[in-house]
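Accompanying notes for the structure given below.
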Amino acid sequence: MEKQVKRTIDFRYAPDVNQTCIGFADDLHKSIVREDGSINCGFLKKGYRHYNSFKDQSGDRVVSPVEQNLGFRYRFKPVFLHRDKYIRREQSYGDSDVAMVVTTEYYKKTVFSWKIFAYRNNKGTRADIIWWKLTASENFRPAATNILLNFSGDQSGAPQVVSSPVYKTVKTKDDTEDLLHAGEVMEGVFAILHNGELRPEQLTMEWVKNAENQTLSYWKNLNPFRTALEIPDDQVMDMLKACGRNILQARETVDDVTVFQVGPTLYRGLWMVDGYFLLESAHMMGRSEEAFDGFLSVLRHIKPDGAIRIMPLHHKETGIALAMIVRQCELVNDDGRLRELWPTMKRALEYIRSLMESAKAMGEEYKGHDLFPPAFGDGGLYGSDPEYTTPLWILAGLKRAYEAGKRLKLHDYSDFKETYDEIMKGFRKSIARDRKYTKNVQNFLELLDDIDNEEGIPENTGWMSHQAVWPYSSMFYAEVWLYAGNGEKAADYLYSFANHASPGRVWREEQALADSNSAEICGDMPHNWASAEFIRLVRNMLVFERAGNLELFYGLPVEWLPKEGKRLYIEKTPTRYGKITIELTLKSKGEYELAFVREKANQSPVDIILNWKGAVTESDVKLEQIGGNRWRLPAGCSKYRMKLTKASSLQ
């Protein structure tokens with residue numbers, strides 16, 4: 001992929017079929033606004049189909065209304081009754097920290113717009129509000145009209161719709177009650193009632209304005225990020241705000257435990273691998289207490305045989321859970337909780353060993369004989385097969401468990417290392433049998449670079465394996481580029497990934513390439529593993545735990561350098577080495593001041609490394625330059641302040 005001359009976010013690859021959630025944080029009513037301005041609710045997983053399967057070509061199957069509605073039982077869309085020629089439709093989403101959608105349809109002589117937002121009051125009323133406005137142009141010829149709320153879907157159990165009187169908020173001298181005249185404006189309200197009650201006479205223009213202000217105030221005071229994360233690129237900041245909001249909108253409380261869910265529809269639930277990264281991003285949002293509460297929802301899935309699993313045949317989940325236990329305890333600096341969970345981890349190890357025994361019992365002709373029995377790989381890997389994602393995740397979990405046990409001198413911690421070594425031996429043997437190339441990581445990066453040309457991120461990596469992208473997979477690959485030392489490539493992927501979001505700043509799990517003729521889509525939208533990965537990569541480009549070191553600015557792009565009145569600031573971001581605060585400010589052209597604070601933790605990095613394309617001109621601690629753009633900071637100090645100049649090539 002050629003490097004972008006100027007990285008910008010303009011949503012150039014947004015999916016055609018868009019979904020925006022308007023529900024509040026932790027809301028049980030996760031209503032969705034579609035690209036046509038319809039509001040959709042009552043999602044049923046069994047009614048969901050890929051988009052192209054709705055178009056019945058053979059005529060031998062009747063497609064149900066729920067299937068037509070992308071799996072939603074109820075779909076509502078306002079329409080007017082007079083005749084006019086349709087021209088185009090636009091949608092706007094307002095501020096990135098607010099969940100409101102305005103749809104505007106332009107006709108030859110009419111403009112019809114409606115704003116949709118969630119409403120609730122302290123009496124238990126919860127409704128979705130549609131505030132519509134119909135404007136007649138100056139050459140509109142008088143006509144009788146009205147506004148109706150079209151309904152499609154399952155007729156049974158639909159929420160009640162309450163409608164206001166029709167108000168003429170702009171009248172002319174020719175005004176008559178039963179006709180719309182040139183230059184006149186009509187307004188009104190529909191309330192889709194989920195709980196409580198509203199009466200038609202309540203829905204005045206004053207009421208709806210107050211309702212909108214109340215909802216706006218709610219969103220403006222929500223503050224998804226409890227600790228500051230300030231990037232001097234407004235486009236990235238807007239993405240971050242929306243990502244944090246979307247994660248909270250999908251979340252809900254299940255049996256008194258907070259569950260960080262992937263999405264509001266198809267993936268409205270707990271998923272082990274998604275959960276690992278969602279919970280980590282919640283810590284990075286300064287919501288460690290809520291994230292750790294969400295971790296309890298994972299521990300509910302401990303099985304009698306020691307497995308920690310949600311999905312059948314998803315053997316890797318136990319390895320993911322081991323890594324998650326260690327990571328969650330690290331991020332809250334809680335060795336006591338890790339000690340409490342050690343017996344759980346030991347039982348998980350016994351389960352992993354039982355899987356290994358099952359694979360051996362299948363005979364040497366079985367390709368996974370030295371690893372694990374057939375497993376569901378996910379991520380585009382169908383069926384139950386001997387595959388590599390399971391041993392990779394289990395190796396990761398065992399490694400993290402061993403390191404934690406060794407550090408804390410926990411009982412039989414070496415057992416994790418022995419099992420790790422045995423699996424690694426089998427893994428390397430299988431790799432030697434199956435691989436076509438000798439330099440795996442290098443070859444993998446070359447492959448990524450070869451398949452990211454059309455839309456800036458790798459293609460054909462998920463369930464849709466032809467002319468398609470799995471957008472947030474690019475964030476996994478960006479982390480690989482970052483770890484390998486190519487921060488520029490990681491930044492390119494970040495911006496290209498953002499350009500696959502809708503203008504509402506949410507992602508579909510998978511979508512066709514913009515220039516293809518495919519109508520296929522796959523997965524939930526909003527898909528908040530995507531939101532979590534955006535947050536994680538932004539954080540890691542600034543503060544990165546890598547190979548035992550704490551790397552500062554390892555992927556800092558030039559677009560994030562401070563500007564006049566805009567600092568780069570990350571406050572108390574959690575790492576295994578304690579909470580880190582960094583503030584980079586512009587002092588004069590090309591000159592900056594850096595302040596760094598690390599709070600005390602149970603672990604210390606081998607080294608703290610500053611990565612900076614330029615020079616360190618002044619420091620209150622002694623630094624050691626260890627490369628052209630790298631400086632080693634004294635690991636024992638908790639505070640640093642220094643002055644920097646950027647390289648002339650960046651001026």
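The values are calculated or read from the model by the stated rules, or taken from the named source; none is laboratory data. All values derive from a computational prediction rather than experimental measurement. Here the Cβ positions follow ideal geometry from the backbone for every residue, glycine too, while neighbour counts run over all protein chains shown. Areas reflect the complete protein model, heavy atoms only, side chains present, ligands, DNA and RNA absent. Shrake-Rupley method; radii C 1.70, N 1.55, O 1.52, S 1.80 Å.
What to note about this one:
- Tail fraction, Cα-Cα pairs, the stretch 135-178, threshold 11 Å, whole percent: 80 percent
- When +1 charges are put on Lys and Arg Cβ atoms and -1 charges on Asp and Glu Cβ atoms, the dipole computed for the stretch 596-645 relative to its Cα centre reaches about 80 debye.
- For the stretch 117-157, the solvent-accessible area works out to 52 Å² per residue, with a probe of 1.4 Å and every protein chain left in place.
- Heavy-atom accessible surface of the chain: percent carbon and sulfur, 1.4 Å: 49 percent
- Across every pair of non-identical alpha carbons in the chain, the mean reciprocal distance, once inverted, gives a Kirkwood radius of 27.2 Å.
- For the stretch 514-551, the residues whose backbone nitrogen is under 19 Å from a point 7 Å from the Cα of Glu403, taken along Cα to Cβ, are 536-537, 539-551.
- To the nearest 10, the accessible area of Arg400 is 40 Å² with a 1.4 Å probe.
- Debye, to nearest 20: dipole size of the chain, +1 on Lys, Arg Cβ, -1 on Asp, Glu Cβ: 980 debye
- Ranking Ser113, Ser281, Cys329 by Cα position along the charge dipole of the chain, where only Lys, Arg, Asp and Glu carry charges on their C-beta atoms, puts Cys329 farthest toward the positive end.
- Sequence-distant residues sharing a close amide H with Thr227 (under 5 Å, placed H): Gly286
- Listed residues Ser137, Gly157, Gly124: farthest to the positive end of the dipole of the stretch 117-157 (Cβ charges): Gly124
- Per residue, the stretch 418-534 exposes 39 Å² of solvent-accessible protein surface, assessed with a 1.4 angstrom probe and all protein chains in place.
- Among Asn602, Met356, Phe444 the positive-end extreme of the charge dipole of the chain (Cβ point charges): Asn602
- Accessible surface calculations at 1.4 Å, restricted to protein heavy atoms, place the stretch 164-297 at 39 Å² per residue.
- With 27 Å as the limit, the listed pairs Lys346/Lys639; Lys241/Lys303; Lys622/Lys646 have Lys346/Lys639; Lys241/Lys303 beyond it between alpha carbons.
- The stretch 429-507, Cα convex hull volume normalised per residue, Å³: 112 Å³
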